[in-house]
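Working notes, beginning with the structure itself.
Bear in mind that the values in this text are calculations on the coordinates, not laboratory data. Since the structure is predicted, the reported quantities are computational estimates derived from the model, not experimental observations. Cβ placement follows ideal geometry from the backbone for every residue including glycine, while neighbour counts extend to all protein chains displayed.
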Amino acid sequence: MRLKNKVAIITGSASGFGEGIAQRFAKEGASVLLADINKDGAEKVATEINDQGGKAKAHQVDVSSSNQVKEMLNRASEVYGKLDILVQNAAIGMNAKPLINTSEEEFDALFNINVKSVYLGAIHSFPIFKKQNTGGVIINTVSTAALRPRPGLTVYNSTKGALVTMTKGMSLEFAPEKIRVNGLCPVAGDTAMLEGFLGDGPKDESYSRFVSTVPLGRLCQPRDMANAALYLCSDEADFITGVMLEVDGGRCV
């Protein structure tokens, strides 16, 4: 088991990529805190993990709230006695539209959930990792949208672009405490966000066009993200920090 005796928080873990990561981490021996604004969904996943012999607890959180993020991190420490891994996966998408048609309210919501949350997770987890004096790992879910943005998603693209610089900066600032910080850049997956990205028009045609931009001929699956996150959080990657790992089937080549 590659994460035996590790404790991990995964945000946005009630479904999609976050659920896939949580399921895989539990199978690899980690005790996981499934943090999501959708408490019922998180509890469902936690029950599945526990029924399979893993260790999981659900926790409701609004990742744009400083107090709630701090409470989430403290909960993991209280329940499991420590914290080793923080996977900051929670995010929202948007319906494809021109920038000039994107409201200020939507702009603020996207940056609060997709960017501010990562800042909050970093500043509140750092003291915990430092006090433990055993290092730690932070994974931020970025996106190929940061590297090869699509038209109609300018604000969403921008939130993910901000995470590239934030992740690299964090990796440098946190390195003296042996806290590794890396980013995962998935191409779009078959998750709840996908429909908005496809835009207007026949969904089958839009989906086929989307898939045609990926050289390996399919979208990202939760297992793809789980495998990549597992590697970056394992001891095998203990000399890797500040990287943006593209999980994209060749989309960004």
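Taking neighbour Cβ counts within 10 Å as the exposure measure, how do Ile138, Ile10, Ile113 sort from fewest upward?
Working: Ile138 27, Ile10 34, Ile113 20.
Fewest to most other Cβ atoms nearby, the residues stand as Ile113, Ile138, Ile10.
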Legend entry - For the range 116-253: relative contact order, % (alpha-carbon pairs under 8 angstrom, 6 or more apart): 29
Inset, instruction - Please state the charge dipole magnitude for the chain, taken about the Cα centre, from unit charges on C-beta atoms (+1 on K and R, -1 on D and E), reported in debye and rounded to the nearest 20. - result: 660
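Which GluC sites (Glu not before Pro) does the range 1-96 hold that lie in a coil by DSSP with at most 10 other beta carbons within 10 Å? Mind dumping the intermediate values first?
Numbers: sites: Glu19, Glu28, Glu43, Glu48, Glu71, Glu78; in loops: Glu28.
The qualifying sites: there are none.
Compute the relative contact order of the chain as a whole-number percentage, counting only Cα pairs closer than 8 Å that sit 6 or more residues apart in sequence.
Computed value for the chain: 21 percent relative contact order.
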Inset, instruction - Extending each Cα 7 Å along its Cβ direction at Ser234 and Glu195, get the distance between those two points in nm, one decimal. - result: 3.6
Inset, instruction - With springs only between Cα atoms under 10 Å apart, run a GNM on the chain and tell me which of Val214, Val137, Val63 wobbles the most. - result: Val214
Inset, instruction - Please work out the Cα center distance from the range 80-129 to the range 174-253, rounded to the nearest Å. - result: 16
Legend entry - Sites matching trypsin sites (Lys or Arg not before Pro) across the range 149-253 that sit in DSSP coil, with at most 14 neighbouring C-beta atoms within 10 Å: Arg218
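Give me Val87, Val211 sorted ascending by neighbouring Cβ count inside 10 Å, so fewest comes first. Don't jump to the answer; show the numbers that get you there.
Numbers: Val87 29, Val211 15.
Final ranking by Cβ density, sparse to dense: Val211, Val87.
Please rank Ser158, Ser143, Ser208, Ser31, fewest neighbouring Cβ atoms within 10 Å first, as an exposure proxy. Could you put the intermediate results ahead of the total?
Details: Ser158 18, Ser143 31, Ser208 10, Ser31 22.
With the sparsest Cβ surroundings first, the list reads Ser208, Ser158, Ser31, Ser143.
Under the rule of -39500 (n - 2.57) per DSSP H run of 4 or more residues, summed and divided by the residues of the chain, what mean residue ellipticity at 222 nm is obtained, to the nearest 500 deg cm²/dmol?
Values: 9 runs with 112 residues, N = 253.
The helix contribution divided over the chain gives -14000 deg cm²/dmol.
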Legend entry - Rounded Å value of the spacing that divides the Cα centres of the range 45-67 and the range 145-161: 29
